[in-house]
Amino acid sequence: METLATVILKPGEADRIVAGHPWIYHGEILRLTAPVADGDLVQIKDHRQRLLGTGFFNARSKINVRVLSAERIAVDQAFFEERIRAALAVRLRHLPGATSFRVVNAESDFLSGLFVDKYEAVLVVQISALGMDQRKAMIVGALQKIFSPRAILERSDAASRKFEGLAEAHGTLFDSHPEDAAGEPAPVPTSAVTVSLNGLKFEADLAGGHKTGLYLDQQVNYQAVSHFAAGGQVLDCFSFLGGFGLHAARAGAAQVHLLDQSAEALSAAGRNAVANGLAGKCSMETVNVFDWLKANTAVKPHERVIPRFDLIILDPPSFTRNRASVPDALRGYKEIHLRALKLLKPGGTLATFCCSHHVGAELFLDSVLSAAFDTRHILRRVASYTQSPDHPVIPMIPETEYLKGFAFEKVR
């Protein structure tokens, strides 16, 4: 095994690493025992020279070291094969039967800076850390050996890459048949994939869609929320490709109305509705959801809003990317909750989600209860939600938990 430079931590800085958090910041480092190139593997010790682990070093990042193991390890293709197989085993255990899911979720799977999503036979890789980026060929080799995929695409477009000294990277890392027998390009782009989620078909644009194509972290919740839809009028806000709405339609909703500001996303949702034989139950409207909710709850003095929906689903994009904007985000969440409660029938269900790590479950819950107080409604909480198990939560790494949601029954 190669001789590694050592990163020695300041007194009092080791406990978090021992507990399992993989990030070491510049201010926590006492010294280096030798010069280190960015991206190199280093060993980590506390100020008493006790080994804490091994990780990738990058002086250009606020996160100077990303810990990979509590022991001395060699990082080669065999290492990535072992880690990815272990991550896959978690998915097969907790999402049996699923054919599209997140295979590797970075810190959640002890591969800081690496994400891998599986969309049927196509894999999408997203890398946000320099050490991982320098070992891309090893990662691709491991994925080929484990999955024998149709193709492997890269969507390394996260803004955080610039903090690692990395530019965006897009493209095809592997394609099993880029040309047909006549030497012509394959007729179906590798980035155009039909994905099965809970038995429903969704088209995914893996090259240009949101995230890496779909919101895989809601896969379990799509099915869970649909249980409240039978026989009712459903409003699916921020619907994107229709994940919640189409599951509700299949579950027996009388009618589902989908709202999203992206005409392109709603067009795809319409095609998904047709592909699943649900078009007759679905209507769609391209609109700013905030504006729509405001317009549909506006009344003259001494008039009241007439509730129209039995199930309202709120699944907006993140309202905040940092702690400084949390107050504004909470005002936004309260606004949509307030409007939605006015449109919800007594006995109806509000299913609402927040995907911001910076807005914790208690703050998010408070935004719902404040809206209920202002509208003089009483709610009964009937379900709590988190991200699907292919996005595992490691409690000692708070950053791995970001998605939270609740379902409330409007008592009165």
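No value in this document is a laboratory result; all are computed from the given coordinates. These figures come from a predicted structure and were not determined experimentally. Quick reminder, even Gly has a Cβ in these numbers, built from the backbone with ideal geometry, and neighbours come from all protein chains shown.
Rounded, prolate or oblate: which one fits the chain, using the alpha carbon gyration tensor with axes a ≥ b ≥ c (rounded when a/c is under 1.5, else prolate when a/b beats b/c, else oblate)? Note, shape of the chain comes out oblate.
How would you classify the range 77-192 from its alpha-carbon gyration tensor, with a ≥ b ≥ c the square roots of the eigenvalues: rounded for a/c under 1.5, else prolate if a/b is greater than b/c, otherwise oblate? Because a/c hits 1.5 or more and a/b fails to exceed b/c, the range 77-192 counts as oblate. Relative to the longest principal axis of the Cα atoms of the chain, the long axis of helix 136-147 lies at roughly 60 degrees.
The distance between label points at VAL18 and LYS345 comes to 5.9 nm (points 7 Å beyond Cα on the Cα→Cβ vector). For a straight C-alpha distance cut-off of 25 angstrom, the lysines reachable from LYS45 (same-chain residues fewer than eight places away being disregarded) are LYS10, LYS62.
Extension gain for HIS302-LYS136 works out to 53.4 nm (0.36 nm per residue, less the C-alpha to C-alpha distance).
For LYS410, list the lysines whose Cα falls under 29 Å from its own Cα; do not include residues on the same chain fewer than 8 positions away. Correct list for LYS410: LYS281, LYS294, LYS300, LYS334, LYS342, LYS345. Angle between the Cα long axis of helix 263-275 and the longest principal axis of the chain, 0 to 90 degrees, nearest 10? It works out to around 80 degrees. With the alpha-carbon atoms of the range 260-361 aligned to their principal axes, the span from lowest to highest coordinate is 44, 39, 24 Å, starting with the largest.
With a 10 Å radius around each residue's Cβ, average the other Cβ atoms per peptide and rank 285-296, 398-409, 269-280, highest first.
398-409, 269-280, 285-296
Counting only alpha carbon atoms, the long axis of helix 326-343 and the longest principal axis of the chain meet at about 30°.
With a cut-off of 10 Å between beta carbons, the residues surrounding GLU13 carry a summed charge of -1, where Lys and Arg count +1 and Asp and Glu -1.
Summing charges over all other residues whose Cβ lies under 14 Å from the Cβ of LEU30, with Lys and Arg as +1 and Asp and Glu as -1, gives +2. What lysines does LYS118 reach when the alpha-carbon gap must be under 26 Å and sequence neighbours fewer than 8 apart in one chain are set aside? Cross-link targets: LYS136, LYS145, LYS162, LYS201, LYS211, LYS404. Report the net charge of residues surrounding ASP260, where surrounding means a beta-carbon distance below 12 angstrom and charges are Lys +1, Arg +1, Asp -1, Glu -1. Taking every Cβ under 12 Å from that of ASP260, the sum is -4.
Stretch GLU264-GLU168 to full length: gain in nm at 0.36 nm per residue minus the Cα-Cα span? Intermediate values should be presented prior to the final figure.
Numbers: separation 96, 0.36 × 96 = 34.56 nm, distance 2.37 nm.
Residue separation times 0.36 nm, minus the Cα-Cα distance, leaves 32.2 nm.
If a/c stays under 1.5 just call it rounded; otherwise compare a/b with b/c (prolate if a/b is bigger, oblate if not). Do that for the range 6-69, with a ≥ b ≥ c from the square roots of the Cα gyration tensor eigenvalues.
Working: a/c = 1.45, a/b = 1.28, b/c = 1.13.
Rounded, because the longest to shortest axis ratio a/c is under 1.5.
With the simple spin-label model, which puts each label point 7 Å out from Cα in the Cβ direction, the SER283 to ASP366 separation comes to 3.9 nm.
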